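The values are calculated or read from the model by the stated rules, or taken from the named source; none is laboratory data. None of the values given here were measured: they were computed from a predicted structure. Every residue, glycine among them, receives a Cβ derived from its backbone with ideal geometry; neighbour counts consider all protein chains shown. Areas reflect the complete protein model, heavy atoms only, side chains present, ligands, DNA and RNA absent. Shrake-Rupley method; radii C 1.70, N 1.55, O 1.52, S 1.80 Å.
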Amino acid sequence: MRDAMNAGPVLFFDSGVGGLSIVAPARNALPNAPFVYAADSAGFPYGIKGANEIAARVPALLGRLAERYRPRLIVIACNTASTIALPAIRAALDLPVVGTVPAIKPAAALSRTRVVGVLGTEATVAQRYVDDLSRAHAGDCLVLRHGSAELVELAEAKLRGAAVDPARYRAVLDGLFGQPGGERIDVVVNACTHFPLVEAELAAAVPHPVRFVDGGEGIARRIAQLTAGETWPGRAPPGVAVFTRLGEAERALAPALAARGFPAIEAL
């Protein structure tokens with residue numbers, strides 16, 4: 001079975017196109033690997049859904065994707081799905097699964113003021129898992145959180161080529177920096193994979209200079225570790241992007257997907 005899996009791609013999964021921020025460092029780490037990018041556009045966005053709905057939906061959907069594409073490894077390139085459903089996903093699938101969790105540990109290591117901001121979806125920032133990470137790795141820090149569904153939409157709009165008013169980014173960030181102690185934040189965790197896609201816009205909108213951190217590089221290293229010694233093609237084949245709903249909004253993402261190595265678009 002392992003030999004058959006070795007012939008398969010690495011499959012990245014998210015509710016939208018946020019997982020492309022994970023694809024970029026993974027491509028640097030594994031330049032010849034075949035990639036499939038799967039977006040649950042019919043379920044988008046996950047960040048405003050209940051935990052029970054996500055926990056039921058994602059493992060079943062990944063089972064269908066695994067059957068069609070036969071990946072050697074799946075990357076849950078979504079903080080919300082990872083923090084809620086990762087144990088159920090691993091129990092349901094007989095192949096390696098890499099999750100995405102908020103980069104609170106490296107943020108705490110970088111912070112000099114000992115005040116860290118966590119910017120994610122409403123679902124992610126409310127998870128007990130984030131409490132556990134904060135206690136374990138940032139116990140001497142004030143960890144401020146803010147959940148934003150709008151920022152997810154802004155990232156999607158950017159990749160569709162839509163113009164976005166910079167004031168919308170400032171309004172989102174006010175929900176984080178406007179909290180008591182927010183003026184001392186010096187590191188912000190992008191705890192949603194969509195957010196690194198608009199990091200330049202966020203950096204331009206913050207009320208004072210901060211560092212942004214995310215888990216992309218660490219995830220890429222983990223993928224490389226889990227596939228060490230496996231055989232890859234002489235060159236990476238064109239990637240495939242698959243959507244659970246393929247409509248006008250998804251087709252508008254085609255140029256951005258092609259620029260990131262996914263010229264082909266399919267419906268699941």
For E199 paired with A163, estimate the spin-label separation in nm (one decimal), with each label point 7 Å from Cα along the Cα-to-Cβ line. 2.7
About its Cα centre, segment 38-78 carries a charge dipole, from +1 on Lys and Arg Cβ atoms and -1 on Asp and Glu Cβ atoms, whose size in debye to the nearest 20 is 160
Give the carbon-plus-sulfur fraction of the accessible surface of the chain in %, rounded to a whole number; probe 1.4 Å, heavy atoms of protein chains only. 52
Of all trypsin sites (Lys or Arg not before Pro) in segment 66-149, the ones in DSSP coil with at most 11 other Cβ atoms within 10 Å are R112
Dipole axis of segment 154-197 (+1 Lys, Arg; -1 Asp, Glu on Cβ), positive-most option in A191, F177, A157: A157
Quick one: helix 149-159 against the long Cα principal axis of the chain, what's the angle to the nearest 10°, folded into 0 to 90? 60
Please give me, ordered by residue number, the GluC sites (Glu not before Pro) of segment 72-170 that lie in loop per DSSP and have at most 16 other Cβ atoms within 10 Å. none
For the charge dipole of the chain, defined by +1 on Lys and Arg C-beta atoms and -1 on Asp and Glu C-beta atoms about the Cα centroid, which residue among F13, L73, W232 has the Cα displaced farthest towards the positive pole? W232
Hey, what angle do you get for helix 216-226 against the long axis of the chain, alpha-carbon based, 0 to 90 degrees rounded to 10? 30
Could you state the accessible area per residue of the chain in Å², with a 1.4 Å probe and every protein chain left in place? 43
For E183 and R68, FRET efficiency with R0 = 41 Å and r from the beta-carbon atoms, rounded to 0.05? 0.25
What FRET efficiency comes out for the pair A224/E150, r = Cβ-Cβ distance, R0 = 45 Å, nearest 0.05? 0.85
Using the crude model of +1 on Lys and Arg Cβ and -1 on Asp and Glu Cβ, and no other charge, please compute the dipole size for the chain relative to its Cα centre, in debye to 20. 500
Whole-number D in µm²/s for segment 1-149 (Stokes-Einstein; Kirkwood sum over Cα pairs; 10 °C, 1.306 mPa s): 98
Return the calculated 222 nm mean residue ellipticity for the chain, to the nearest 500 deg cm²/dmol, obtained by summing -39500 (n - 2.57) across DSSP H runs with n ≥ 4 and dividing by the residue count. -13000 deg cm²/dmol
